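Worksheet for the structure shown next.
The values are calculated or read from the model by the stated rules, or taken from the named source; none is laboratory data. The model shown is predicted, which means the values in this text are computed figures rather than measured ones. Don't worry about glycine lacking a Cβ; one is built from the backbone with ideal geometry, like all the others, and counts go over all protein chains shown. Remember, those area values only see protein heavy atoms, side chains included, never the ligands or the DNA or RNA. Shrake-Rupley method; radii C 1.70, N 1.55, O 1.52, S 1.80 Å.
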There are 2 protein chains.
Amino acid sequence: MIRNYRNLRKLLLLAMMPTLAFAQQNNLKQYVKPLIGTAKMGHTFPGATVPFGAVQLSPDTDTIPYAVNGKYTGDVYKYCAGYQYDDPTIVGFSHTHFSGTGHSDLGDILVMPTQGKVQLNPGTADQPQSGYRSPYSHANETAEPNYYKVKLDKHQILAELTTTKRVGFHRYTFPKSDQSHLILDLTAGIYNYEGKNVWTVVRALNDSTITGYRQTNGWARTRTVYFAIRTSKPFKNYGAKYYDKNVQYKGFWRKFNQEDNFPDLAAHNIKMHLDFDTEDQEQVMMKVALSPVSMKNALENMDYETPDWNFEQTLKSGQDEWEKELQRFQVDMLNKEDLVNFYTSVYHANLMPTVYMDVNGEYKGLDQEVHKAEGFTNYTSFSLWDTFRAFHPWLNLVDPKRNADIVSSMMAHYDQSVLKMLPIWSHYANENWCMSGYHSVSVVVDAIMKGTYEGDAEAALAACVQTAKARRYEGIGEYMDLGYVPDDVNGTSVSNTLEYAYDDWCIAQLAKKLGKEDIAAEFSKRAENWRNLYDPSIGFMRPKDSKGVFRANFDVLDTHGQGFIEGNTWNYSLYVPHQPEQLMEVMGGQQKFESYLDSLFTMHLPDKYFANTEDITREGIIGNYVHGNEPSHHVAYLYNQTKSPWKTQERIRQIIRNQYHNGAAGLGGNDDCGQMSAWYLFSSLGFYPVAPGENVYWLGSPLVKSASIHLQNGRKLEVIAKNQSEKNMYVSKALWNGKEIKDFKINHEDIMAGGTLEFVMTAKPKK
Amino acid sequence: MIRNYRNLRKLLLLAMMPTLAFAQQNNLKQYVKPLIGTAKMGHTFPGATVPFGAVQLSPDTDTIPYAVNGKYTGDVYKYCAGYQYDDPTIVGFSHTHFSGTGHSDLGDILVMPTQGKVQLNPGTADQPQSGYRSPYSHANETAEPNYYKVKLDKHQILAELTTTKRVGFHRYTFPKSDQSHLILDLTAGIYNYEGKNVWTVVRALNDSTITGYRQTNGWARTRTVYFAIRTSKPFKNYGAKYYDKNVQYKGFWRKFNQEDNFPDLAAHNIKMHLDFDTEDQEQVMMKVALSPVSMKNALENMDYETPDWNFEQTLKSGQDEWEKELQRFQVDMLNKEDLVNFYTSVYHANLMPTVYMDVNGEYKGLDQEVHKAEGFTNYTSFSLWDTFRAFHPWLNLVDPKRNADIVSSMMAHYDQSVLKMLPIWSHYANENWCMSGYHSVSVVVDAIMKGTYEGDAEAALAACVQTAKARRYEGIGEYMDLGYVPDDVNGTSVSNTLEYAYDDWCIAQLAKKLGKEDIAAEFSKRAENWRNLYDPSIGFMRPKDSKGVFRANFDVLDTHGQGFIEGNTWNYSLYVPHQPEQLMEVMGGQQKFESYLDSLFTMHLPDKYFANTEDITREGIIGNYVHGNEPSHHVAYLYNQTKSPWKTQERIRQIIRNQYHNGAAGLGGNDDCGQMSAWYLFSSLGFYPVAPGENVYWLGSPLVKSASIHLQNGRKLEVIAKNQSEKNMYVSKALWNGKEIKDFKINHEDIMAGGTLEFVMTAKPKK
């Protein structure tokens, strides 16, 4: 399917190439294709949202439960974003979605317009008539920034979705019917299972307003989404069903029929239907506002952000917001596909983290208390293991104000943490502890080193140090004592050691900047800890037990059970981004290192190992280089320190061409909250932050023909790639403001001062 | 057991009588025996609390679950107050208890000091060594206002409890041990069952501070109690266990051992242990503050109310508060038992409703939102079917400011109600819908008629009217259409009809006062609806179906299944408190009415009917008159309108002597949140509010020899019973400020102006 699609695309592109390579500057959003990444492993969602919006109103094509009767279904992983392009039916439209994650939650407040008999069960994809879901066709589907439209074939209803930051705005065009409904399935969710719904409250304030909340225990342990719903037309009737077992006190039932127009509902599991008479082509609109704090805040959010029923205006204003984000980048590319990939990457790098705060500034903190964000916008959903690499550096470059707020949000998280730790992978006032390292440290340090975060740097350093000394977390205690995480203590001991060492180096950088010599010395020493797990006898990083003995049975190709997470040692052994030269030395010098890199990109990875590689499609791999997972994102740039920087250029172009396409299956792995997209954006401009925490970018091979980027400080970064073409992927010369760059590096400060980065491209590698 | 106890008491009293009949005015709290009512059906709690305090820190002697595997255990009812005097073991000390209810909830945050091996299971009463519970002996138990002390035999620990409004203050004297513990059972509760705990959060902020919350679904559907805990001594170690089944996402467990000193806990069911080394006789103190709103508010409550570790001072200040409440009543009685009964009744009438608001004024509303109480203290736990009769009228007399706040709290409830109804039986931001009628109306109206509530009377009237027109509630719609609740629509159709009619009369009184003639007319008409269910053919109120046909098979003695709640038609037929003369007329005139009353008090009620009479012991019945339940509380006063008011006097004295004793089993029925006690207080002063809503009291037979009551307006009510004695129970003459009362009535306004109510007592009834 993918391959067919791609061939079709290639043919189309060949036809278009001469005319469509230049961006239409007044309408850049036309290049954004939210459907990219919605097939297979991309895990993006196609629905409507504004940049970093708290609401992601998007179709869910299935709701496969995490487990049935305690047994893991295995299929839930597909539905991290709720939507899979190849699915034939739409279950409904829910209001919260992660973009590109490899685990999930959310899918809150699922709405489905239907007509005919009230059905409160979603039914199955192969028998959509068995429930409220509907078949649909991609021919009748449109996905644009902040706009999603689809025809629901079974119900003959046209669904249109748009949003503001905190409000999902639905418009449904019904046929003539005296049985038109809006189904409100408050039991639905992503990564759902029986018992996930901890509690649900619903209050029908009048015949067109409903408030409530959904409290869940899932990836986020204690998560509550408060909502307020209004319909443009009063419902003539409404009803509810409870799906709770074992209800003991039945006082409410004795006095009231809670199923029929009863406005005061509370149970673990509730589904509702709102009923209408509709004329042919009558539009019924619905607004659903969310809040992390309270129902009244949700109502306030709604009243503030969508004071009226002007769907078109809401749509336009969200699209204008997108256009403004996109307009910061004026690029010329080789063809339209590249424009689509570029602007869709900008789009995907503008989705997460999301605003987690009401219009009045209130938010729920990690401590489960209500806080008021003073002087910053509070964000949530930090997929830090992914995003510290290129996404946050990207914000430091193009959207530093937002990144400063993100750091403020992380510091608030720290202040609220009873464990006194910066976030690992946090969302919705919870820490979910996913993945390895303590990469908040990298984000915080990089933001301070680059002048992005202007808050209390000493407090930030203290938070980083405290986090890095959380002895009970993932072998940190042993790491501090032995210089590495022992294999017998932790299942991902090598990834952890390597990532801690990098994070520690970040801390040392900040400590130096602040003149904290003792901290700098302590963490500079820790930054060398990667050395402790390098086994020169095999030339790889290798798990070692507490007694100092390397693991005997060790498979250098396997990703699972070898002491790593989402990467084998072939990839992970290169994870010393802060000391690449020292790594090269340890690995036997330039020549050996170069041939190691060559092998990585060219060797054959047997299928059995691929099966163990998470989160990516077969296309997400080049040789044994895994682009679909993050640990190697800096690797192609490492040729720069060998005698063959042209190989960086070649590999970067190869990865771009191989891994980013504009079809639904266009992403070879999870977009990971913008990290994959940020890699693309940096790389297509010709440079990349190999080690966030130092203000240096390493050069690669630009994909743009030219780019003009409006920086927030009013300066402009121009990138020009002379003689750019598909074949001219090599850089014969690079210049900054006319001065040749000899070391394949450029400083952040230089870029921020504005100027022109010029590449002279050639088809001939400079060997 | 009761009888033995009572005989012992009688002997003791005979010995004491000559000397101890006069209250020691500087120490009235000595007469309060919180243990009264803790055996059998009284359902009072013996623990520590301040007047109307939010915390009731009291021992629980068992935690029998409501149901096991979905099967009702039947025994839970005993434990409405957590403590049963005859039980041999104490399970622990929890922080919230209703006083005298017939259903329950609460029992939050159970603490048990132990030593030896950590046991997190309570164990069973017959095998206390199987868990953390301990045997104890009444000889080692002391219960005073705001002080409870008991020796825990198994653990050799002396437990002492005191409180402030929002803080439970524990002091435990341990033996020497390196295994001393405080067990924190957050799964424990009253009326508990599997699944009642909806969610629990615990955060150990440091080695002596813990915050958290317990969210339950029980009698209150959506209830959350937030808490903050501090210990006087750091715990050397702590731990937790989760008792959840079917936990799907285990991220926390993968990264942390949550059982061992882990500060960040959340699950459905959590138990904890805090561990200490203790020297011999070392006292470890603990404070537990509650909040309806947040953990931080709980901490703020603690810091504000108990800024230090002075147990003695906290105890004294709460006891001083009690003394102040008691000092408003200076009474002389015939003997010390009467002093005990009187002041214990004052005590029991000062427990509920309870403050439901933090020191910063915040509280959780019925709408599940956080509100700030502006200009009033917010109260919760309104057992209105009981308390409208004498308890709220009692407050109107002796503590009107508090009753005004209670009415404000009820109005806030109304404003927050999506059903637009005043409370029926509400607690902790929930409506539990227990019992019949809409008696908030009576409380609101009485408070306005008596000048107690000075808020917006028109808004209050509107709330009453709206509540009385809630068509879907308990047959109100049919009641409005037909003039009675039909038997085929509602299982307690007669009680409802009679009670609605009385409540409607209340509304009419207020409407008249406010000049709302149309409302007055409408509700005056509704106030006559009791007539529609009187069946002259049998001389009783009787269920009637929607077609107007009286029920064929009807048992006038049975309480169950006959259209009534907590009363048979013998008792309920007299429930027309607002139109007693009209009732008398309908029932055949004075003579017939009097003989009906005579029969009620003297007839034999076969045992099979007693078994169907809820909430009372066998002693709670005189003939067929049931004092342990409320519907007949006004009945003895009805002789006043016959030619034999002396029978009122005789019966009142009989009821007092029969129903109120100073042993643990001293109450023949549930105290019902102070209603039984308020009946005693009024009656022992010689008058009673037969129909709250009119500012009239009916005279009975005083029990006091004299009483001096300090009214809140600075005036004084003196009651003098000349020639008072056990035999002189009849009133030969009654005078108000020297003027003889001819009609056995006295006005509220007259009393509030201050003065002397003089009774001349005699042994000879004035026939």
Assess whether A:VAL576 counts as being of a type in the set (Val, Ile, Thr) and open to solvent by 40 Å² or more (accessible area, probe 1.4 Å). no
What about A:ALA266, is it among the aliphatic types (A, V, I, L, M) and facing another protein chain (nearest Cβ under 7 Å)? yes
Could you tell me whether segment A:223-240 includes any residue that is at pLDDT 95 or above, more than 10 Å from every other protein chain (Cβ to nearest Cβ) and under 30 Å from B:ARG254 (Cα atoms)? yes
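May I ask you to say which residue of B:ASN658, B:ASN662 is assigned to a helix (DSSP H, G or I) and open to solvent by 20 Å² or more (accessible area, probe 1.4 Å)?
Values: B:ASN662 fails: assigned to a helix (DSSP H, G or I).
Matching residue, one of B:ASN658, B:ASN662: B:ASN658.
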Inter-residue pairs, beta-carbon under 8 Å, first closer than 12 Å to B:LEU498 by Cα and in segment B:546-573, second basic (Lys, Arg) and part of a loop (DSSP other than H, G, I, E, B), 6+ apart: B:GLY563/B:ARG542; B:GLY563/B:ARG551; B:THR569/B:ARG542
With respect to A:GLU619, determine if the residue is assigned to a helix (DSSP H, G or I) and modelled with pLDDT under 95. yes
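Going through B:PHE235, B:PHE227, B:PHE256 one at a time, which residue ends up being open to solvent by less than 30 Å² (accessible area, probe 1.4 Å), farther than 30 Å from A:ARG203 by Cα and in contact (Cβ under 8 Å) with a residue 24 or more places away in the chain?
Matching residue, one of B:PHE235, B:PHE227, B:PHE256: B:PHE235.
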Within segment B:297-314, count every residue that is open to solvent by 20 Å² or more (accessible area, probe 1.4 Å) and touching a residue at least 60 places away in the same chain (Cβ under 8 Å). 4
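Kindly indicate whether B:ASN695 is touching a His at 6+ places or on another chain (Cβ under 7 Å), at pLDDT 95 or above and not β-branched (Val, Ile, Thr).
So B:ASN695 passes the test.
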Consider A:ASP244 carefully, then state whether it is among the acidic types (Asp, Glu), open to solvent by 10 Å² or more (accessible area, probe 1.4 Å) and either more than 35 Å from the chain's Cα centre (by Cα) or at positive phi (or both). no
Counted residues, segment B:484-512 - those being over 17 Å from B:ALA691 (Cβ atoms) and open to solvent by 10 Å² or more (accessible area, probe 1.4 Å): 7
Matching option when the condition is closer than 30 Å to A:GLN724 by Cα and in contact with an Asp or Glu (Cβ under 9 Å, 6 or more places away or on another chain), among A:ILE621, A:ILE656, A:ILE652: A:ILE656
If A:LEU717 satisfies every condition in (1) aliphatic (A, V, I, L, M); (2) more than 25 Å from A:SER442 (Cβ to Cβ); (3) open to solvent by less than 40 Å² (accessible area, probe 1.4 Å) but one, which is the exception? (2)
Spans of helices (runs of 4 or more DSSP H) in segment A:360-478 with at least 3 residues within 14 Å of chain B (Cβ to nearest Cβ) and either open to solvent by 10 Å² or more (accessible area, probe 1.4 Å) or closer than 23 Å to A:ASN529 by Cα (or both): A:400-416
In a helix (DSSP H, G or I) and open to solvent by less than 10 Å² (accessible area, probe 1.4 Å) - does that describe any residue in segment B:626-634? no
Condition check: under 30 Å from B:TYR79 (Cβ atoms), among the charged types (D, E, K, R) and modelled with pLDDT under 95. Does B:ASP185 satisfy that? no
What's the number of the condition B:LEU339 fails, among (1) more than 14 Å from chain A (Cβ to nearest Cβ); (2) open to solvent by 50 Å² or more (accessible area, probe 1.4 Å); (3) in a helix (DSSP H, G or I)? (2)
Could you list all residues from segment A:245-261 that are aromatic (Phe, Trp, Tyr) and at the interface with chain B (Cβ under 8 Å from one of its Cβ atoms)? A:TYR249, A:PHE252, A:PHE256
Determine the pairs where a residue that is assigned by TED's automatic domain parsing to the domain that holds B:VAL91, located within segment B:55-80, has a partner that is open to solvent by 50 Å² or more (accessible area, probe 1.4 Å) and in a helix (DSSP H, G or I) with Cβ atoms under 7 Å apart, the partner being 6 or more residues away or on another chain. none
Given the condition over 30 Å from A:VAL444 (Cα atoms) and either surrounded by fewer than 23 Cβ atoms within 10 Å (Cβ to Cβ) or in contact (Cβ under 8 Å) with a residue 60 or more places away in the chain (or both), answer yes or no: does some residue in segment A:676-695 qualify? no
